[in-house]
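Here is the structure we will look at, set down as structure tokens.
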């Protein structure tokens, strides 16, 4: 393959140009998001207020809800799984927290562009802003869930804090990247294929049972266990479970796929969003 004038190979030029184009677009996108940051903050806060409007306890439900839910689930499943998994409460909720963040974001994604049709058609706002709003909203709820888990862990003396907790922001950051990418893909696809709204709940339910949240990997048949590596949610679940439940950092076979998958989904999602952002207006 002949070298090009840039000193590389001619076949690499399209890839280099695509990456440079994406980087330039991404830089401009960040500038737009900063420019419209108050719009984003206003929309997120408005959604939170609407969610708890006319409720007696109001915003306090965002904290009380997870506490009540986790207490009931923890009691029921700890009784059912008694003796099978040590400290099953911590085992389950260390995985449930991050799984819920990913699952709820994915299930909210089909409505991102459709629900904001009025904004998209009337005024200019970067399409990524609506994706960022959804990701941020669900991340806020996730943080309340974290507080609920810590509260229950302290009350029932189930949690043992260790230095490994300092690692938790790492999977959180990659979860945000993954959520932005997957939400971008789904929100764009849903504009052209509205049936995704009905397909995703079934898919997420299947992924829930395919991910070792309520059970341990060793109960799976040996012939099935090798295929679990293709479940991207497994790496997020284990990246949380290792520090919280085991008190250690996740091994490289968890961390490396987690980072690669998150970055790939983020870049792919952003590319799809930019490629179809002008067509979205005409399909809404």
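Scanning the range 149-171 for residues that are in a loop (DSSP other than H, G, I, E, B) and either at pLDDT 90 or above or in contact with a strand residue (DSSP E or B) (Cβ under 8 Å, 6 or more places away or on another chain) (or both) returns a single hit, 168. Across the range 168-190, the qualifying residues are those that are surrounded by fewer than 19 Cβ atoms within 10 Å (Cβ to Cβ) and in contact with a helix residue (DSSP H, G or I) (Cβ under 7 Å, 6 or more places away or on another chain), and the one among them that is farthest from residue 268 (Cα to Cα) is 168. If the condition is being in a helix (DSSP H, G or I) and over 20 Å from the mean Cα position of the chain (by Cα), then the range 226-252 contributes 226, 227, 245, 246, 252. For residue 213, the test of being buried (at least 16 other Cβ atoms within 10 Å of the Cβ) and assigned to a helix (DSSP H, G or I) is failed.
Of the set (1) under 19 Å from residue 234 (Cβ atoms); (2) under 11 Å from the mean Cα position of the chain (by Cα), all apply to residue 96 but (2). Against the condition within 19 Å of residue 261 (Cα to Cα), in a helix (DSSP H, G or I), out of contact with any strand residue (DSSP E or B) (no Cβ under 6 Å at 6 or more places or on another chain) and at pLDDT 90 or above, how does residue 208 come out, does it pass? In short, no.
When residues in the range 194-225 are screened for being closer than 20 Å to residue 85 by Cα and more than 21 Å from the chain's Cα centre (by Cα), 9 of them pass.
The values are calculated or read from the model by the stated rules, or taken from the named source; none is laboratory data. The structure displayed is predicted, hence computed values, not measured ones. Every residue, glycine as well, gets a Cβ built from its backbone with ideal geometry; the counts of neighbours run over all protein chains shown.
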